[in-house]
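Below is one structure, written out as structure tokens, with a few remarks after it.
Read-outs throughout are calculated quantities, based only on the coordinates presented, and are distinct from any laboratory measurement. Fair warning: this is a prediction, and the values are worked out from it, not measured in the lab. Cβ coordinates were reconstructed from backbone atoms using ideal geometry, including for glycine residues, and neighbour counts include every protein chain displayed.
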Amino acid sequence: QVDVVESGGGLVQPGGSLRLSCEGSGRDFSIFDMAWYRQAPGKQRDLVAGIDHDGTTNYADSVKGRFTISRDNDKNTVYLQMSSLKAEDTAVYYCNAHFLSYDFWGQGTQVTVSS
């Protein structure tokens with residue numbers, strides 16, 4: 001069992017940057033594969049970026065070169081550094097912790113890219 005809480009969302013202008021954080025509680029945070037998903041209004045929830053327990057990362061094509069996922073197991077935290085933001089990045093961003101057949105989700109944090 002792990003609880004995850006996202007933070008760092010907000011309003012940013014196109015071309016700007018934002019860093020999201022996901023802090024996990026509970027034991028053995030390091031064994032979880034972590035990921036960020038996002039869901040825009042009227043659309044499905046899609047994978048943005050993932051980082052496995054061993055540090056392997058993967059990204060959606062739409063964010064490659066602009067977003068960077070990282071983790072600090074000592075702080076039980078996963079980060080999503082977002083740069084060169086576009087209007088189409090506007091969504092609620094969710095943190096996911098995955099282990100075996102278990103998935104734990106946060107409540108989400110809103111990111112709005114608008115001038």
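Pop the C-beta distance of residue 31 and residue 114 into the FRET formula with R0 = 35 Å and round what comes out to the nearest 0.05. Approximately 0.35, to the nearest 0.05.
Of the residues 25, 83, 97, the one whose Cα sits farthest towards the positive end of the charge dipole of the range 24-115 is 83 (charges of +1 on Lys and Arg Cβ, -1 on Asp and Glu Cβ, taken about the Cα centre).
Counting only Cβ charges, +1 for Lys and Arg and -1 for Asp and Glu, the dipole size of the chain around its Cα centre is about 400 debye.
At q = 0.11, 0.18, 0.23 Å⁻¹, what is the base-10 log of I(q)/I(0) for the chain according to the Debye formula with one equal point scatterer per Cα and no solvent? Please give it to two decimals. The Debye formula, applied to the Cα set alone, gives -0.31, -0.84, -1.33.
Once both labels are positioned 7 Å from their Cα atoms along Cα-to-Cβ, the gap between residue 45 and residue 73 label points is 2.5 nm. FRET efficiency for the residue 81 to residue 101 pair, using the beta carbon distance and R₀ = 35 Å, is estimated at 0.70. Backbone phi angles across the range 28-35, fed through the Karplus curve with coefficients 6.51, -1.76 and 1.60 (θ = phi - 60°), yield HN-Hα couplings of 6, 4, 5, 7, 7, 7, 10, 7 Hz in residue order; Gly and Pro are listed as x. 3J(HN,Hα) couplings calculated from phi for the range 19-27 with the Karplus curve 6.51 cos²θ - 1.76 cosθ + 1.60 (θ = phi - 60°) are, in sequence order, 10, 9, 10, 9, 9, x, 10, x, 7 Hz; Gly and Pro show x. Taken as Cα centroids, the range 1-26 and the range 67-82 sit 9 Å apart, rounded to the nearest whole angstrom. Restriction of the trypsin sites (Lys or Arg not before Pro) in the range 49-114 to DSSP coil positions whose beta-carbon has at most 11 other beta-carbons within 10 angstrom yields 64.
Between the residues 70, 35, 15, the greatest Cα displacement towards the positive end of the dipole of the range 8-76, with unit charges on the Cβ of Lys, Arg, Asp and Glu, is found for 15. Over the range 10-55, the pair-distance histogram of Cα-Cα distances with 10 Å bins from zero comes to 19, 41, 31, 9 percent, rounded to whole numbers.
In a reduced charge model with +1 at each Lys and Arg Cβ and -1 at each Asp and Glu Cβ, the range 57-99 shows a dipole moment near 60 debye about its Cα centre.
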